[in-house]
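What follows is a set of notes on a single structure, which appears directly below.
The values are calculated or read from the model by the stated rules, or taken from the named source; none is laboratory data. If you're wondering where the values come from, they're calculated on a predicted model, not measured in any experiment. FYI the Cβ positions are ideal-geometry reconstructions off the backbone, even for glycines, and counts take in every protein chain you see. Heavy atoms of the whole protein, side chains included, go into the accessibility calculation; ligands, DNA and RNA do not. Shrake-Rupley method; radii C 1.70, N 1.55, O 1.52, S 1.80 Å.
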Amino acid sequence: MAEAEEQETGSLEESTDESEEESEEEPKLKYERLSNGVTEILQKDAASCMTVHDKFLALGTHYGKVYLLDVQGNITQKFDVSPVKINQISLDESGEHMGVCSEDGKVQVFGLYSGEEFHETFDCPIKIIAVHPQFVRSSCKQFVTGGKKLLLFERTWMNRWKSSVLHEGEGNIRSVKWRGHLIAWANNMGVKIFDITSKQRITNVPRDDISLRPDMYPCSLCWKDPVTLIIGWGTSIKVCSVKERHASEMRDLPSRYVEIVSQFETEFYISGLAPLCDQLVVLSYVKEVSEKTEREYCARPRLDIIQPLPETCEEISSDALTVRGFQENECRDYHLEYSEGESLFYIVSPRDVVVAKERDQDDHIDWLLEKKKYEEALMAAEISQRNIKRHKILDIGLAYVNHLMERGDYDMAARKCQKILGKNAALWEYEVYKFKEIGQLKAISPYLPRGDPVLKPLIYEMILHEFLESDYEGFATLIREWPGDLYNNSVIVQAVRDHLKKDSQNKTLLKTLAELYTYDKNYGNALEIYLTLRHKDVFQLIHKHNLFSSIKDKIVLLMDFDSEKAVDMLLDNEDKISIKKVVEELEDRPELQHVYLHKLFKRDHHKGQRYHEKQISLYAEYDRPNLLPFLRDSTHCPLEKALEICQQRNFVEETVYLLSRMGNSRSALKMIMEELHDVDKAIEFAKEQDDGELWEDLILYSIDKPPFITGLLNNIGTHVDPILLIHRIKEGMEIPNLRDSLVKILQDYNLQILLREGCKKILVADSLSLLKKMHRTQMKGVLVDEENICESCLSPILPTDAAKPFSVVVFHCRHMFHKECLPMPSINAPAQYCNICSAKSRGPGSAILDMKK
């Protein structure tokens, strides 16, 4: 029968119903059957109760046996307590003492590792027993039992046991939990809490649904902490908090009271409760109605995790459990026990014991992999790599890559290889061949390692050949991006040349071949291809590999390709390709020759001086706007030759400049007047030359031209006396804007007068200020001490005997003399002067001090 039931129920991993299997929400707990010795026990007997210690388990059966089990379910000890059902087992916190009660009224409390023992047989079934949590201590040798009344047993000083009734008269006691100094129990009327220290009952929490039989739907109690009791009865859950009463409120009341902080209803009947942090684990007995027969039947029990709220609760997770024989079980047949230290929950039924555990990171990863959430599984494994035991990051990563490839997301699979495969060259090569088998080498090519590690050359060559057959641009990109030492360069060069035989003008292949030649240090062939393609990298190639000796006969090609870059390169490397060589190479291309010589002249006016005569013609032919600046800046071009060329081409401005530079200013002025007819330019030219004769010629030329006279009147005032021009104007001649011009002349004259007066005032003020400063300076004293000497006799200026009379002369130049060392003043030269400075008038060198004593 047991085998049939096992086949019926299947594995506990399939305990959730079909609708839950499809759910995307991850379960909070995992389940497994407690097997080994438990399986043997339940094949012949049925579980009636169980209690859990951190070190072991104690299981009671319907045949009156108590088994001690390890956490794997192996039997370590067996006790034959009674021939009938064991109702409850209780352990103290140390796990050294155990209390057992049975249906035939027997009660035993004994030490598991000592001879200490208590036996008592009552005349009624004893439903519950609870030993003091600190029973191991001599001062706490207490336990309670419950049948029709709740008895407290205490050991006296003579090692005798004394009993006292804590409560009776409200039906059988069916549940009890002892925590610290508080005992909570349930009878037919409700739940009571007793303070063992003060010997006071501090509360009574009445039962809500009195319609349910208390023997069929017993109360479930559990202490969350020393002051928080959780009560589950029927479909109701209450969270009660034990609080201290304020001294002013005591009177005849207990020192503590109970406050219900949360109360709510559940969907099913409660068979057990356990705390999980700030949440609750609830074992529920479920009855459902068959759609076919419309009869009520026992469904699989449920284990729910809920979050209590003040008046309701929030369901966190819910699992339906396929326990053996669930179809025949009642609400009272299920028990929920838990181990606080390890968050283990034991679901006990007559034919089965199931262990529920909080899921760890390995379980979380299992669930993610089952749901094909590989990326999340990989991330979870990386975050918790120190805590996971059953999984490896690499295995998860490879499974993820395989999943992506099966899904057809080849690019993502290739991208993930970078992170997952890391520096494992063997795995890289294995994955590349997998991509080759499905024809997706292109997808993995951007992510192949190029340094650490380096794969076999064959791998890279295989991918390059794949691109060369179908994608020239992609092939060129890889050649640019991959270092040349990753593959056999000669093999790839030959493959490219074979393809060029079919398409000899393909620029992409030609450029790529040039790059391959460069990697192979065959710079000559590479340069030839670059020049043929007129590729911008030709200059970079020349610079990088110093190919200047190879381009001496290719200067014209370079200039045709990009004259700016070519000229800059040639000028930057004059030591490798001389100016003379460049000019000779460009002899047949004067326009390029001009570009080169022009840049040379802009850099240094003197380096190409031997070509300045040639440049005159080149500027005249190809770049006239720069001809005049060249003539102005050059000190090496022949002026006669330049004048000849400019006159031949009728370049007036350049001719005027050359004539003025050659000293023929009158001809230059005449050309401005006659050729350009520009009076402003003529006036500007006359101002630059500052020659009276030029002004005279300008006035004579302009005297019969009213517009010119106007221009002269507006500009001549500051250089020539305007009267000279005004006197020569013929009477009756109409001159445009004459009045405005005369007014301007007068304004300019007044301005000059004002400027002169202002300058005079400034000059006088400055002179006076400097004179006062000089006077103050000359009036200052001069230090004369023993270190000074006479500049004439070179002896100390002061006598050694201060009592003797002496006379010293000090000049403003700070030279000092004994008076007798200076020449005597004469009638013609009454003033004395410093012999050294040879001062000839009173001033800095004249005497300022005549010291006598």
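Inspect region 408-417 for any residue being open to solvent by 40 Å² or more (accessible area, probe 1.4 Å) and in contact with a Leu (Cβ under 6 Å, 6 or more places away or on another chain) and give the result as yes or no. Yes; the residues of region 408-417 include at least one that is open to solvent by 40 Å² or more (accessible area, probe 1.4 Å) and in contact with a Leu (Cβ under 6 Å, 6 or more places away or on another chain).
One residue stands out in region 650-660 among those that are open to solvent by 10 Å² or more (accessible area, probe 1.4 Å) and free of Cβ contacts under 8 Å to residues at least 24 places away in the same chain: the one that is nearest to H636 (Cα to Cα), namely L659. Going by the structure shown, is V239 open to solvent by 50 Å² or more (accessible area, probe 1.4 Å) and aliphatic (A, V, I, L, M)? Criteria not met by V239. Within region 518-528, not a single residue is open to solvent by less than 20 Å² (accessible area, probe 1.4 Å) and closer than 25 Å to L597 by Cα. Taking into account only those residues within region 803-840 that are among the polar types (S, T, N, Q) and surrounded by 11 or more Cβ atoms within 10 Å (Cβ to Cβ), which is modelled with the highest pLDDT? So, considering only residues that are among the polar types (S, T, N, Q) and surrounded by 11 or more Cβ atoms within 10 Å (Cβ to Cβ), the one modelled with the highest pLDDT is S807.
Of the strands (runs of 3 or more DSSP E) lying entirely inside region 71-182, those carrying at least 2 residues that are closer than 24 Å to Y346 by Cβ and at pLDDT 90 or above are 75-80, 86-91, 97-102, 106-111, 128-131, 142-146, 175-179.
Could you list all residues from region 563-601 that are within 19 Å of N546 (Cα to Cα), basic (K, R) and assigned to a helix (DSSP H, G or I)? Within region 563-601, K565, K581 qualify. The single condition among (1) touching a helix residue (DSSP H, G or I) at 6+ places or on another chain (Cβ under 8 Å); (2) open to solvent by 10 Å² or more (accessible area, probe 1.4 Å) that V567 does not meet is (2).
Looking only at region 529-562, residues that are at negative phi, open to solvent by 40 Å² or more (accessible area, probe 1.4 Å) and assigned to a loop (DSSP other than H, G, I, E, B) come to 5 in all.
Just so you know, in region 615-648 the residues that are surrounded by 15 or more Cβ atoms within 10 Å (Cβ to Cβ) and outside any helix (DSSP H, G or I) include one that is farthest from the chain's Cα centre (by Cα), and it is C637. If the Cβ limit is 6 Å and pairs must be 6+ apart or interchain, which residue in region 455-466 that is of a type in the set (A, V, I, L, M) pairs with which residue that is open to solvent by less than 10 Å² (accessible area, probe 1.4 Å)? Close Cβ pairs (under 6 Å, with a partner that is open to solvent by less than 10 Å² (accessible area, probe 1.4 Å)) amount to L455/W428; I459/V432; I463/L441; I463/S445; L464/I492. If you go through region 420-455 and pick out every residue that is within 23 Å of N402 (Cβ to Cβ) and in a loop (DSSP other than H, G, I, E, B), you end up with 10.
Conditions tested, residue by residue: (1) polar (S, T, N, Q); (2) farther than 24 Å from Y346 by Cα.
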{"residue": "G234", "(1), (2)": "no, no"}
{"residue": "K243", "(1), (2)": "no, yes"}
{"residue": "H246", "(1), (2)": "no, yes"}
{"residue": "R256", "(1), (2)": "no, yes"}
{"residue": "Q263", "(1), (2)": "yes, yes"}
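Of all residues in region 270-309, none satisfies the criterion of being over 14 Å from A320 (Cβ atoms), open to solvent by less than 20 Å² (accessible area, probe 1.4 Å) and in a loop (DSSP other than H, G, I, E, B).
Could we say that K389 is out of contact with any Gly (no Cβ under 6 Å at 6 or more places or on another chain), free of Cβ contacts under 8 Å to residues at least 60 places away in the same chain and either farther than 24 Å from V239 by Cα or among the polar types (S, T, N, Q) (or both) here? Here the answer is yes, as K389 does meet what is asked. Out of the residues in region 310-342 that are acidic (D, E) and assigned to a loop (DSSP other than H, G, I, E, B), which is most open to solvent (accessible area, probe 1.4 Å)? It comes out as E311.
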